1. Can you find, within the stretch 27-55, the residue that is surrounded by the fewest Cβ atoms within 10 Å (Cβ to Cβ) among those that are in contact (Cβ under 8 Å) with a residue 40 or more places away in the chain and of a type in the set (Phe, Trp, Tyr)?
2. I'd like to verify a number: residues in the stretch 56-75 that are under 26 Å from GLY109 (Cβ atoms), of a type outside the set (D, E, K, R) and either in contact with a His (Cβ under 9 Å, 6 or more places away or on another chain) or surrounded by fewer than 16 Cβ atoms within 10 Å (Cβ to Cβ) (or both), how many?
3. How about the stretch 79-107: which of its residues are in contact (Cβ under 8 Å) with a residue 40 or more places away in the chain and either surrounded by fewer than 16 Cβ atoms within 10 Å (Cβ to Cβ) or acidic (Asp, Glu) (or both)?
4. Mind checking which pairs have a first residue in the stretch 108-119 that is in contact (Cβ under 8 Å) with a residue 40 or more places away in the chain and a second that is surrounded by fewer than 15 Cβ atoms within 10 Å (Cβ to Cβ) and part of a loop (DSSP other than H, G, I, E, B), Cβ under 8 Å, 6 or more apart or different chains?
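No lab work stands behind these numbers, since they all come straight from the coordinates. For clarity, every value in this text was computed on a predicted model and none was experimentally measured. So basically every Cβ, Gly included, is an ideal-geometry build from the backbone, and we count neighbours across all protein chains shown.
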Amino acid sequence: MTNAPEIQTATSTMIANHYPSTPEEVIRAFLIVYPSDPVYAVQYLSPTLVSNLDAASASKLLPASGEISGFIIVKGDTSAESEKSEILTNIAFQNTSSEVQFSLEIVDGRWVINQIITN
């Protein structure tokens, strides 16, 4: 007699505990959450970056506000050995698009954004 695999259901705790595993996934998650919930998006930022933010600067991390209609990764350089990643993106907002450079690092085993440079 074989045991049937246990069926897992998607609960909010399972979803909340799922953290992106690559720099690209962290950027995607950040861009999805940030326009509507900047406070929740803080989980994708490094403690160093968060400590330098106030209410005004936290709302201006990206060059435009409003919904993000999409983004593409222009180029990226990730090194697991140095635990650093540099990813250049082009983000499309409702009426404009902008190039944004994300610098990421591994903190406590997770990729986090430690710098956002807008052009």
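1. Ranking the qualifying residues of the stretch 27-55, first place goes to PHE30.
2. Residues of the stretch 56-75 under 26 Å from GLY109 (Cβ atoms): 58, 61, 71, 73, 75.
With the extra rule that they be of a type outside the set (D, E, K, R), the set shrinks to 58, 61, 71, 73.
Okay, now just the ones that are also either in contact with a His (Cβ under 9 Å, 6 or more places away or on another chain) or surrounded by fewer than 16 Cβ atoms within 10 Å (Cβ to Cβ) (or both), so 73.
Qualifying residue count for the region: 1.
3. Of everything in the stretch 79-107, those that are in contact (Cβ under 8 Å) with a residue 40 or more places away in the chain and either surrounded by fewer than 16 Cβ atoms within 10 Å (Cβ to Cβ) or acidic (Asp, Glu) (or both) turn out to be GLU105, VAL107.
4. Cβ pairs passing all conditions: ARG110/TYR19; TRP111/SER21; TRP111/THR22.
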